[in-house]
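Here the structure is laid out as structure tokens; the discussion comes afterwards.
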Amino acid sequence: MTNSIVLGTGSYAPQRVISNADLEKIVRTNNEWIVSRTGIKERRVAADDEATSDLAAAAGREALQYAGVKADDVDMIVVCTVTGDAPTPSCASFVQAQLGAKNAFAFDVGAACAGSLYGLSIADQFIRTGKVKRALVIGAETLSRFVDWTNRETCVLFGDAAGAILLGASEEEGRGLLAASLRTDGSMTGILGIYGGGSRRPPSAEMLEEKAGKIKMRGREVYRVATRLLPEVVGDTLEAAGLTAADVDHVIAHQANKRIIESAMQNLGVPFEKCWINIDRYGNTSSASMPITLDEANRAGKLKKGDVIAMMAIGAGMTWGGAVLRW
């Protein structure tokens, strides 16, 4: 049976840093309030001439370089984003051109903060069926372009970045992506999203004036949903892989809010120390969050062959999911 294993990881964050102290000058907030409620100390913001595809391509190059794989040898590119360069063509098309991956077919996946988890699962299916041998999954966002910088409830949360995971086919039994669970509940579309700029409410002067193209969030509802659903779906995924929480060596979680992660870890029954945390430096980078976190843990030498890694993410939609892989 062909399995999907991680061949390489990569990430990219823009140079510009906006600290909590910087935000204190823009909106009515303070560092203590932000850190105590979110765990965020700073976030990155893309330069004016940087688009989402630029961030994605930079992270993709890092993953390819780490794996020692040429762009020509990539069969498939999945870019997970809700902030693509344009409505069409896909962000993945721009990324494919920048990487020079001329033999890869490419497309986008829009599942908000759970996007990279969806992308991994899709790529895994292509590999398992023998359709592709190498798949590059990239999560990339420029959420700063869709943040209302006068809204202190949301502007403190989000940042720009990209992360990449290169999957490859392997015949080695018991390694790679062991199980994945994906979930959606469309009845909760109203608690988090960007509701202007699409076919229901096309761009207009009125839409811009009302800031309908900016991120809207009902934070308390998101918190309640996330802390309930994340441990549940990870538990289901561990069971599908024939494992329990006691078998988990590391947790790679979407970095939405430190308190959400702490609660989910407690309910899952896995010590918080097993979860790699970087939300303090990046904020919530949506689809980019999980692959960045995996890349950091990987490059820090924390992941050893045979380690069991549980992954979890939740985002607008609401979309959420879990995955379990053996390194």
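The values are calculated or read from the model by the stated rules, or taken from the named source; none is laboratory data. Keep in mind it's a predicted model, so treat the numbers as computed, not measured. We place every Cβ from the backbone using ideal geometry, glycine too, and count neighbours over all the protein chains shown. For the accessible areas, the whole protein counts, side chains as well, though only heavy atoms, and no ligand, DNA or RNA atoms are used. Shrake-Rupley method; radii C 1.70, N 1.55, O 1.52, S 1.80 Å.
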Take SER4 and tell me if it is in contact with a helix residue (DSSP H, G or I) (Cβ under 6 Å, 6 or more places away or on another chain), more than 24 Å from VAL82 (Cα to Cα), of a type outside the set (Phe, Trp, Tyr) and at pLDDT 95 or above. yes
Quickly run through the range 7-32 and pick out the residues that are over 20 Å from THR285 (Cα atoms) and either over 24 Å from the mean Cα position of the chain (by Cα) or surrounded by fewer than 14 Cβ atoms within 10 Å (Cβ to Cβ) (or both). GLU24, LYS25, ILE26, VAL27, ARG28, THR29, ASN30, GLU32
Return the pairs, sorted by first residue and then second, in which the second residue is assigned to a strand (DSSP E or B), the first residue lies in the range 169-190 and is on the phi > 0 side of the Ramachandran plot, the beta carbons are less than 7 Å apart, and the residues are 6+ apart or on different chains. GLY174/ARG326; GLY176/ASN3; GLY176/SER4; GLY176/ILE5; GLY176/SER170; GLY176/LEU325; GLY176/ARG326
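Does GLY197 meet the test of being buried (at least 16 other Cβ atoms within 10 Å of the Cβ), in contact with a helix residue (DSSP H, G or I) (Cβ under 9 Å, 6 or more places away or on another chain) and at pLDDT below 95?
Working: buried (at least 16 other Cβ atoms within 10 Å of the Cβ): yes; in contact with a helix residue (DSSP H, G or I) (Cβ under 9 Å, 6 or more places away or on another chain): yes; at pLDDT below 95: yes.
The answer is yes for GLY197.
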Flag if GLY174 is at pLDDT below 95 and more than 19 Å from LEU303 (Cβ to Cβ): no
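Table: residues versus (1) out of contact with any Asp or Glu (no Cβ under 9 Å at 6 or more places or on another chain); (2) of a type in the set (S, T, N, Q).
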| site | (1), (2) |
| --- | --- |
| ILE165 | no, no |
| SER181 | no, yes |
| GLY186 | yes, no |
| TYR195 | yes, no |
| ARG201 | yes, no |
| ALA205 | yes, no |
Take the conditions free of Cβ contacts under 8 Å to residues at least 40 places away in the same chain, on the phi < 0 side of the Ramachandran plot, assigned to a helix (DSSP H, G or I) and among the hydrophobic types (A, V, I, L, M, F, W, C) and apply them to ALA212. Does it pass? no
Are any of the residues in the range 55-66 more than 30 Å from VAL324 (Cβ to Cβ) and aromatic (Phe, Trp, Tyr)? no
Selection over the range 66-124 where residues are closer than 23 Å to THR2 by Cβ, open to solvent by 10 Å² or more (accessible area, probe 1.4 Å) and assigned to a strand (DSSP E or B) yields a count of 4
Does LEU182 meet the test of being under 24 Å from GLY119 (Cβ atoms), crowded, with 22+ Cβ neighbours inside 10 Å and within 21 Å of the chain's Cα centre (by Cα)? no
When (1) surrounded by fewer than 21 Cβ atoms within 10 Å (Cβ to Cβ); (2) at pLDDT below 95; (3) closer than 23 Å to GLY110 by Cα are applied to SER187, the one that fails is (2)
Residue count for the range 131-157, restricted to those that are open to solvent by 50 Å² or more (accessible area, probe 1.4 Å) and either in contact with a strand residue (DSSP E or B) (Cβ under 6 Å, 6 or more places away or on another chain) or part of a strand (DSSP E or B) (or both): 3
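Conditions (1) touching a residue at least 60 places away in the same chain (Cβ under 8 Å); (2) out of contact with any Lys or Arg (no Cβ under 9 Å at 6 or more places or on another chain), marked per residue:
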site: ASP54; (1), (2): no, yes
site: LEU64; (1), (2): yes, no
site: ALA67; (1), (2): yes, no
site: ILE77; (1), (2): yes, yes
site: THR83; (1), (2): yes, no
site: THR88; (1), (2): no, yes
site: ALA97; (1), (2): no, yes
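Could you grab me the full set of residues in the range 40-55 that are open to solvent by less than 60 Å² (accessible area, probe 1.4 Å) and either at pLDDT below 95 or farther than 16 Å from GLU153 by Cβ (or both)? Let's see the steps before the verdict.
Going through the range 40-55, the residues open to solvent by less than 60 Å² (accessible area, probe 1.4 Å) turn out to be 40, 42-47, 50-55.
GLU42, ARG44, VAL45, ALA46, ALA47, GLU50, ALA51, THR52, SER53, ASP54, LEU55, listed by residue number.
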